[in-house]
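The values are calculated or read from the model by the stated rules, or taken from the named source; none is laboratory data. Quick caveat, the model's predicted, so the values are computed rather than measured. With ideal geometry, Cβ positions are generated from the backbone for all residues, glycine too; neighbour counts draw on all protein chains shown. These area figures cover heavy atoms from the full protein model, side chains too; ligands, DNA and RNA do not enter into them. Shrake-Rupley method; radii C 1.70, N 1.55, O 1.52, S 1.80 Å.
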Amino acid sequence: GQNIDQPTEMTATEGAIVQINCTYQTSGFNGLFWYQQHAGEAPTFLSYNVLDGLEEKGRFSSFLSRSKGYSYLLLKELQMKDSASYLCAVRPAGTALIFGKGTTLSVSS
Amino acid sequence: KAGVTQTPRYLIKTRGQQVTLSCSPISGHRSVSWYQQTPGQGLQFLFEYFSETQRNKGNFPGRFSGRQFSNSRSEMNVSTLELGDSALYLCASSFIQQGPTDTQYFGPGTRLTVL
C-alpha cells in the first residue's frame, strides 16, 4: 500500500529555520515532491527530488534518502508569508502523485 | 502561458443531485489528474486521464467518474451527491505524468458544498 506521514502542525518565529519531515512507503518510486498551499488557494510546486541528497532552491531546500523512505523540507530565514500548509507527495511508478495530509506551519513575529 | 483553469469555482448542491466539474489544463499538457481535498483527509487522488483514457484510479466509489476530451480538457462527474462529498476538488495537469521531473500544476479548485 501507499503511506505518507508528516507532522500535522509546526510553529516557528520569523528569521528562524524549520525542518518539515516526511516519511513514505510506496510501491515503486518515481520522485518526491513538495508543494506549498496557502489557506484557500491551490497547491504550488516547490521542489522535487529523484536522487538521494540535498536540492537547494533559495531559502528552501529539500533532502531525500530513498533507502530510508525519508525526506525533509528545510525553510531558512522564515518570513510571515511562509505560514502555509506544506504537502509532501510521492509519485509511485506509473501513477499520479500521492499526497501526505500536509503540515501546517505557523510563523509568528 | 495560461495556468490550469477550473469551472465553476463555487457550487452549492443538495443531496441526491449530480454535478459536473470542468478543468482545462496548461496548453501542451496531456495528463489531467483530479483530487479531492478535505480538512480531515487531505488531498486524495481520484483519477488520472491521459490521451482521453483513464490511466489510474484512486479508491473512490463509482459515483465519481470522469472523462477527457481530445483537446485534453477534462470533466469529472459526481452522481447522487452525499453530504460527505463537500470538498475542494482540484485538478492538476502535467506533460505526460511519467517522468520523475514531470511536475504537476494545480488549478484553483472548485469548492463544492452539499446541503
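Ligands, DNA and RNA excluded, the heavy atoms of residue A:80 present near 90 Å² of accessible surface to a 1.4 Å solvent probe.
For the protein assembly as shown, the equivalent ellipsoid derived from the Cα gyration tensor has semi-axes of 29, 20, 16 Å, listed largest first. Per the Kirkwood formula applied to alpha carbons, the range B:1-94 shows a radius of gyration over Rh ratio, Rg over Rh, of 0.95.
Taking every Cα-Cα distance in the range B:45-115 and sorting them into 5 Å bins starting at zero, the pair-distance distribution P(r) comes out as 3, 14, 24, 27, 18, 9, 4, 1, 0 percent.
Distances between placed amide hydrogens fall under 5 Å for residue B:56 paired with B:48, all partners being 5 or more residues away or on another chain. Loop-located GluC sites (Glu not before Pro) in the range A:1-93 (DSSP state other than H, G, I, E, B) with a sparse environment of at most 11 neighbouring Cβ atoms within 10 Å: A:77. Direction-averaged projected area, Cα convex hull, chain A: 6.4 nm², rounded to one decimal. Restricting attention to the protein assembly as shown, the count of lysine pairs at 8 or more positions apart or across chains with alpha carbons under 27 Å apart stands at 13.
Give me the distance between the Cα centres of the range B:1-77 and the range A:1-76, rounded to whole Å. Taking the Cα centre of the range A:1-76 as reference, the centre of the range B:1-77 is 25 Å away.
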